[in-house]
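Report on one structure; see the data block that follows.
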Amino acid sequence: MTDFLGNHLNLNVGLLLPEIILAVGSVLVVFLDMFWEKAGRGSAPLVTFLTLIAAGVASASDIDAVDDFARMVSIDNFTTFFRFMFIGVGIMLVIGGWEYVDKHVNHPAEFYALLLLSTVGAIFMASARDLLIAYLGIEVLSFSLYIAVSLGKNDNRAGEAGLKYVLLGGVASAMLLYGLSLLYGVAGSTQYGDIAGALQGDLTGLHMPLILGLTLIVSGLGFKVSAVPFHMWAPDAYEGAPMPVTAYLSATSKGATLALFLRWFGGPLLPAIGDWQWMMAVIATLTMVFGNLIALQQHNVKRLLAYSSIAQGGFMLMAVTTVSDISASALLVHLGGYVITNLALFLAIIQFYNRTGKEEITDFAGLSRTNPYLAVVITAGLFSLAGMPLLAGFFTKFILFQAVVQGGFLWLVVVAVVGSTVSLFYYLQVIRQMYIYEPVGDASRWTISGSGYIATGVLLAAIVFVGIQGAPLYTVADRAAFALFDGAPVAAAAGHAAPAAPAAAPKAGGH
Amino acid sequence: MLTLFLLLPVTGAVLSLFLPEEKQHDAKWIALVFSGAAFAVSVVVFALFNASVPGYQFVNTFEWIAASDAGFRIRYTVGVDGLSAPLVLLLGLLSVVSVLVSWRIEVKAKQYFAWLLFMETAVAGVFLSLDLIQFFLFWELELLPMFMLISQWGSGRRLYSATKFLIYTLAGSAFMLVGFLVLGATAGTFDIAELTAKPVTQAVVPLTFVFWAIMLAFLVKLPTFPVHTWLPDAHTDAPTAVSVMLAGVLLKMGGYGIIRIALPLLPQQAHDSRLILASLAGFSVLWGAVITLRQTDLKRLVAYSSVSHMGYVLLGVSAMGSLGLSGAAMQMFTHGTITGLLFVVVGLIYDRTHTREISQMSGLMHRMPVVGTVFVIAGLASLGLPGMSGFVAEMTTFLGSLDAHPVATAAGIFGVVLSAGYILWTVQRVLHGPATDRWKELTDATSWWEVTAMASLVFVILAVGIYPALLTTAVQAGIAPIAQIMEGVS
């Protein structure tokens, strides 16, 4: 079949099978909840779990595929990488978070439906090859999350979080859309491939709208990835949201936005690298500096992790700054390690909250006495985020830094390394509480549920495994990045990055 | 063989962690067995080490992350040469000693010994690694047990000291990582041997910056003025065994790093910076010694004397010749044994008196002659009495640095005079003087673990002092290629 311009359209719906499964599952969860009371409370998580598994199995058939659906969606290893990542996040959240959702969330079934639906949006953000599809993906993800953030039961903060998130998120979406329309005006197409071609051509007289459009796009995406100075919503949303949603925000939502960053800035916008590279470098720097500094003052563990994930986002934006196949691969590696680590941390904290109902850092005092296992998981997670050896964070961060150095932005790495050092200090605040202080009040041992052990145990093992033998992760990240840069753009990246590198060098020397 | 040395302690650590709660006092036996086995391995390595063969020996390597996996490669490579072999031996010995002096640890014993053993593995990794990233990995890894040991089993302001230690070291190592990344990205390899053979001469940033970024981490660890202030706090508040390890082997990581990495990888920049290094060294020696004279806390006194004595290492390095470097390498070994012994003795005294205030002690020699005698031996070795190991090392260092840096060397020699002052003064105040009633009840150190710990270190100090070739053959073999590089630049 062809469209009215005569382009061949591939309408093989099978390519979208994982997303279709997820969407159907989402509807199923809601309908079950509404119309079949006998199903009981356990049905929603179970259906969600099975849906995710089925979507994962369906994704497996697309490994190494190079295809597109109706010129709108790319099915390649990059897409597959993120499909697996987002589906994996969902599975872990269901296993590790169902008790929490049962107790502390209004309308559990809606939570699960939104979880599935937002995963569909996230996957489309990673797989889109057309600005409109990407924008729809963003909105599907965002709208699901606007609701999910305010689902907390008996928590006044949930409303504040939801409202703040929806207002600021709406502004960000509007900015993004405006930026995209300007970009469309400049390039004359919403297709990634056509945009790249148009931006390589003659841009006389179009430079101003392009810069304006890029600024708006970077700002809009900056909101979504909670980069400084567009981060204000993140700490409140993280704090007010139910914990599994917080975990989701820090993992899938952030991952999907970074996927979009890579798709856009490594593809259609790559020819304009000279115009946006400095913006990205500035934002990355601000994010790393302020994310880490503000984290130092936090006393709520969710806020602490919010700022820590802001700072981690800054590290990853460095790799967007120097975008190339190497740094894209490094970003994916770091993102993978970060998602595993952050999930482990959040699930451990969810288990802690299930038992104690507390979330201040000082509430963790003496956890090494009362539940040594959770203390180990949290310690491993925090140390991994800080980049301590033998845990996932060490090599992933190292690979990321190395890629950025190779990209010619040594001064960014200097900032990152210093920021990373600072970060260890606030991570230690929690570890100190757990190991050095005595438990307050009840000092008896307690245990977590079997599913809690499974979820945290798998993630803990993954942290250690990636830290010692991360080759599988590097391989898949490399293949995903290769799919992104397959063909001409790599050469274009080299050509455009080269003039930028000497410009960065003298600056670095001054540090 | 070396991998075995690396794995033995950590295996012991894991085993001891899995001890049932009620049997946790058996952790010390596990620790003793595993650190003893590691020590045996280190002795074998040192004995089989062939000084006439150039290059690294007992090399054990495999591809950790293959190039085909991720577009770059990291190798796991361990090996020893004449520079690291003595340090490995020292590490093996001091680990056993530190387990022995911890024999009475009761609180959370299994975690304590697990961390202690884990630290041995981490430090061993630093001495054995022949790949920059692997080196950095172990360098960072060592912080963890150190922080935990000081903050949980220390005394006084233990949390403050542990955090201070952590921040200083981390700040240093952060810059080291930047330096490594620049070197690695420029040369396309992180292999120390390859980088030594073909030093990087051009990079995206001035190599002087890279040199100082890397040096900073080592200078903090050494430590040298003005980044030494974490050391007295860490030592004072650490448990005895940790002080022994800290002074004995952890500080050597700094000196080792300078000689193994900073110098041969960036010889030109090192050569250009030699005057600064010599000035820092000379000033550290004097400054450390002067401050030592003013200490009233016995442990703090030994800690500050470390600052002064590690200044000799930097002095020897700054001469950048074979004699100076050999002196520095030997000083590292001998300082490890001597100061290790001093901390053992101070720990034994503190166990009994429960005070470290020098002014409160008097005539301890009457009450505990064994401890007193060992204290005197360690003190004399520390001030460089001929016939003991300290003399050999200091003499070599001075001979090596005299031509290159006469003023700094003069400062160093004057430091020896000062150290004679504070050592003898301390011995006089603590051990001699009237035998007061307050210390009537003190018992001497006669338990087997105390005696073994002291005797082994005294034996090594005397053996090296009387027959230095035990050490010098290996050290010179290790230093020769590095000295050759350094003498090649001008």
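Coordinate-derived values only; no laboratory data. Please read all numbers here as calculations on a predicted model, not as lab measurements. We place every Cβ from the backbone using ideal geometry, glycine too, and count neighbours over all the protein chains shown.
Give the average, rounded to an integer, of partner chain Cβ atoms located within 10 angstrom of each Cβ in A:383-393.
If you average over the peptide's residues, the count of other-chain Cβ atoms is 3.
So what's the angle, to the nearest 10 degrees on a 0 to 90 scale, between helix A:77-104 and the longest Cα principal axis of chain A?
30
Read phi for every residue in the stretch A:386-399 and hand back ³J(HN,Hα) as whole Hz from Karplus 6.51 cos²θ - 1.76 cosθ + 1.60, θ = phi - 60°, with x for Gly and Pro.
Along the stretch A:386-399, the couplings run 6, x, 7, x, 6, 10, 3, x, 5, 6, 5, 5, 4, 4 Hz.
With a sphere of radius 13 Å drawn around the Cβ of A:TYR112, what net charge do the other residues whose Cβ falls strictly inside it have (Lys, Arg +1; Asp, Glu -1)?
Every neighbour counted, the sum reads -2.
Using C-alpha positions alone, give me the convex hull volume of the protein assembly as shown per residue in cubic angstrom.
In the protein assembly as shown, the Cα convex hull volume per residue is 157 Å³.
Compute the whole-percent fraction of alpha carbon pairs in chain B spaced more than 30 Å apart.
Tail fraction, whole percent: 42.
Let me know the longest stretch in chain B that avoids all GluC sites (Glu not before Pro) found in a DSSP loop with at most 11 other C-beta atoms within 10 Å.
B:107-440
What's the magnitude of the charge dipole for the stretch A:20-115 around its Cα centre, counting Lys and Arg as +1 and Asp and Glu as -1 at the beta-carbon? Answer in Debye, nearest 20.
240
Given only helices, namely DSSP H runs of n ≥ 4 each adding -39500 (n - 2.57), what is the per-residue ellipticity at 222 nm of chain B, to the nearest 500 deg cm²/dmol?
For chain B, the value works out to -23500 deg cm²/dmol.
Helix B:27-48: angle to the longest alpha-carbon principal axis of chain B, degrees 0 to 90, nearest 10?
That helix lies at roughly 50 degrees to the long axis.
Could you give log10 I(q)/I(0) at q = 0.19, 0.22 Å⁻¹ for the stretch A:298-338, computed by the Debye formula over C-alpha point scatterers of equal weight, without solvent?
For the stretch A:298-338, the Cα-only Debye profile gives -0.56, -0.67.
Relative to the Cα centre, what is the charge dipole magnitude of chain B, using +1 at the beta carbon of each Lys and Arg, -1 at the beta carbon of each Asp and Glu, and rounding to the nearest 20 debye?
It works out to roughly 740 debye.
Please check chain A for the longest run free of chymotrypsin sites (Phe, Trp or Tyr not before Pro) that are loop-located per DSSP (anything but H, G, I, E, B) and have at most 12 other Cβ atoms within 10 Å.
Looking at chain A, A:37-445 is the longest stretch - no exposed chymotrypsin sites (Phe, Trp or Tyr not before Pro) with at most 12 other Cβ atoms within 10 Å.
Provide the gained length on full extension for the span B:HIS271 to B:GLU487, in nm with one decimal, where the gain is 0.36 nm per separating residue minus the Cα-Cα distance.
Result for the pair: 76.8 nm of gain on full extension.
Treat every Asp and Glu Cβ in the protein assembly as shown as -1 and every Lys and Arg Cβ as +1, leave all other atoms uncharged, and give the resulting dipole magnitude about the Cα centre to the nearest 20 debye.
With Lys and Arg at +1 and Asp and Glu at -1, about 2040 debye.
Just name one of A:MET125, B:THR353, A:THR379: the one whose Cα is farthest towards the positive end of the charge dipole of the protein assembly as shown (beta-carbon charges, Lys/Arg +1, Asp/Glu -1).
About the Cα centre, the residue reaching furthest to the positive side is B:THR353.
Going Cα to Cα from A:LYS358, which lysines come in below 21 Å? Please leave out same-chain ones fewer than 8 positions away.
List returned: A:LYS103, A:LYS153, A:LYS302.
Specify the angular offset, from 0 to 90 degrees and rounded to the nearest 10, of the alpha carbon long axis of helix B:448-466 from the longest principal axis of the alpha carbons in chain B.
With rounding to tens, the tilt is 50 degrees.
Quick one: Karplus J couplings for the stretch A:161-177, per residue in order, coefficients 6.51, -1.76, 1.60, θ = phi - 60°, nearest Hz, x for Gly and Pro?
In residue order, the calculated couplings are 4, x, 5, 4, 5, 6, 5, 5, x, x, 4, 4, 4, 4, 4, 4, 5 Hz.
Give me a comma-separated list of calculated 3J(HN,Hα) values for the stretch A:372-381, in order, Karplus coefficients 6.51, -1.76, 1.60 applied at θ = phi - 60°, integers in Hz, x for any Gly or Pro.
Once θ is set to phi - 60°, the couplings for the stretch A:372-381 become x, 5, 4, 4, 5, 4, 5, 4, 4, x Hz.
Could you calculate the FRET efficiency of A:LEU293 with B:TYR160 from 1/(1 + (r/R0)^6), where r is the beta carbon distance between them and R0 is 25 Å, rounded to 0.05?
0.70
Would you kindly calculate the mean projected area, averaged across all directions, of the convex hull enclosing the Cα atoms of the stretch B:273-490, in square nanometres?
Here the figure is 11.5 nm², rounded to one decimal.
Ordered by packing density, taken as the mean number of other Cβ atoms within 10 Å over each peptide's residues, highest first, how do B:382-392, B:337-347 rank?
B:337-347, B:382-392
For B:TRP64, which sequence-distant residues (separation of 5 or more, or a different chain) have an amide H within less than 5 Å of its own amide H, given hydrogens modelled in the peptide plane?
B:ILE74, B:ARG75, B:TYR76
Using the C-alpha gyration tensor of the stretch A:13-493, what are the square roots of 5 times its eigenvalues, in whole angstrom, with the largest one first?
34, 26, 20
Mind listing the long-range amide H neighbours of A:VAL73? Cut-off is under 5 Å, sequence gap 5 or more, other chains count too, H placed in the peptide plane at 1.01 Å from N.
When sequence neighbours closer than 5 places are left aside, the close amide H contacts are A:ARG129.
Can you give me the long-range amide H partners of A:VAL105? Hydrogens built in the peptide plane at 1.01 Å from N, cutoff under 5 Å, separation of 5 or more residues or another chain.
A:LYS153
Could you work out the longest stretch of chain B that avoids the trypsin sites (Lys or Arg not before Pro) located in DSSP loops with at most 12 other Cβ atoms within 10 Å?
In short, B:105-293.
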